[in-house]
Amino acid sequence: MNALAIIAEDDSEIVEILDAYMTREGFRTVRAADGKTAIDLHLVLKPDLMLLDVTMPRLDGWEVLAEIRRRGDTPVIMITALDKDIDRLQGLRIGADDYIVKPFNPIEVVARAKAVLRRAGLGNAAGVLRVSRLTIDLDSYQARVEANGENKAVPLTLTEFRLLAHMARAPMKVFARGELVDACLPGGDALDRTVDSHVSNLRRKLELAGAPGMLSGVRGVGYRLAAEQ
């Protein structure tokens, strides 16, 4: 499963635990430390699932959930220390798909996340990655961009496709050149400057297809694939 999940939680230890277990089970994850960031990421990334704490800075989980429900039907699992029945009913009334009380078993969280996605009809999207207007089909090795009312194919080499798919599994993460070499390039083709050349070609092709600015460099670190702002 390559579903994208936003983990909206301000406790860094809890985020690390959830991120580790979700990633291990094949989820792509993005983190939000406050409610406003969670809403912004939801709008840009269009995730398959959101794990949402209630007591967060800037906007609380109830406000975030209400806004998400105004936008659509993204599955949302509330994960909170609020364990009273009135809190649970509040979450379900606003539109949460599930409600998990802290402390929790992370294995159970993953299992319930998969169950929510199955109920939402998203359990079979294992071969497709989506980042904003970019769609990557892992089975057919094709990438397409929605631009100006068209769905344009991006003509990629195998190495370019591997780089794009690898970064799309963790949108907004900065990947070091060495990490991209290890993950995407064959053994003899393993120089940092080779990565730079492939990424440069990939960025140009994305721009030509109508997705400028999605692939960017971070000076002294590496590269990042991020949805357009």
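With the condition being modelled with pLDDT of 90 or more, I'd like the helices (runs of 4 or more DSSP H) fully within segment 136-229 carrying at least 1 qualifying residues.
158-168, 192-209
Considering 32, 66, 38, 81, which residue is closer than 21 Å to residue 13 by Cβ and open to solvent by 10 Å² or more (accessible area, probe 1.4 Å)? Quick ask: steps written out before the conclusion?
Working: 32 fails: open to solvent by 10 Å² or more (accessible area, probe 1.4 Å); 66 fails: closer than 21 Å to residue 13 by Cβ; 38 fails: open to solvent by 10 Å² or more (accessible area, probe 1.4 Å).
Just a single option satisfies the conditions, and that option is 81.
Which residues, counting only those in segment 130-171, are on the phi > 0 side of the Ramachandran plot and touching a residue at least 24 places away in the same chain (Cβ under 8 Å)?
Hits for segment 130-171 are 132, 148.
Which one of 101, 76 is open to solvent by less than 60 Å² (accessible area, probe 1.4 Å) and modelled with pLDDT of 90 or more?
Every option except 76 fails the conditions.
What's the total number of residues in segment 102-119 that are aliphatic (A, V, I, L, M) and touching a helix residue (DSSP H, G or I) at 6+ places or on another chain (Cβ under 8 Å)?
Let us first name the residues in segment 102-119 that are aliphatic (A, V, I, L, M), namely 107, 109-111, 113, 115-117.
So of that shortlist, the ones also touching a helix residue (DSSP H, G or I) at 6+ places or on another chain (Cβ under 8 Å) come out as 107, 109-110, 113.
Residues in segment 102-119 being aliphatic (A, V, I, L, M) and touching a helix residue (DSSP H, G or I) at 6+ places or on another chain (Cβ under 8 Å): 4 in total.
Of (1) at negative phi; (2) under 14 Å from the mean Cα position of the chain (by Cα), residue 46 satisfies all except one. Which?
For residue 46, the failing item is (1).
Would you point out the residue of segment 20-29, among those that are outside any loop (DSSP other than H, G, I, E, B) and open to solvent by less than 30 Å² (accessible area, probe 1.4 Å), that is farthest from residue 102 (Cα to Cα)?
This residue is 28.
Among the numbered criteria (1) of a type outside the set (Asp, Glu); (2) farther than 23 Å from residue 135 by Cβ; (3) part of a strand (DSSP E or B), which one does residue 57 miss?
Status for residue 57: all satisfied but (3).
The values are calculated or read from the model by the stated rules, or taken from the named source; none is laboratory data. What you see is a predicted model, and the numbers here were worked out from it, not measured in a lab. Backbone-built Cβ (ideal geometry, glycine too); neighbour counts: all protein chains shown. For the accessible areas, the whole protein counts, side chains as well, though only heavy atoms, and no ligand, DNA or RNA atoms are used. Shrake-Rupley method; radii C 1.70, N 1.55, O 1.52, S 1.80 Å.
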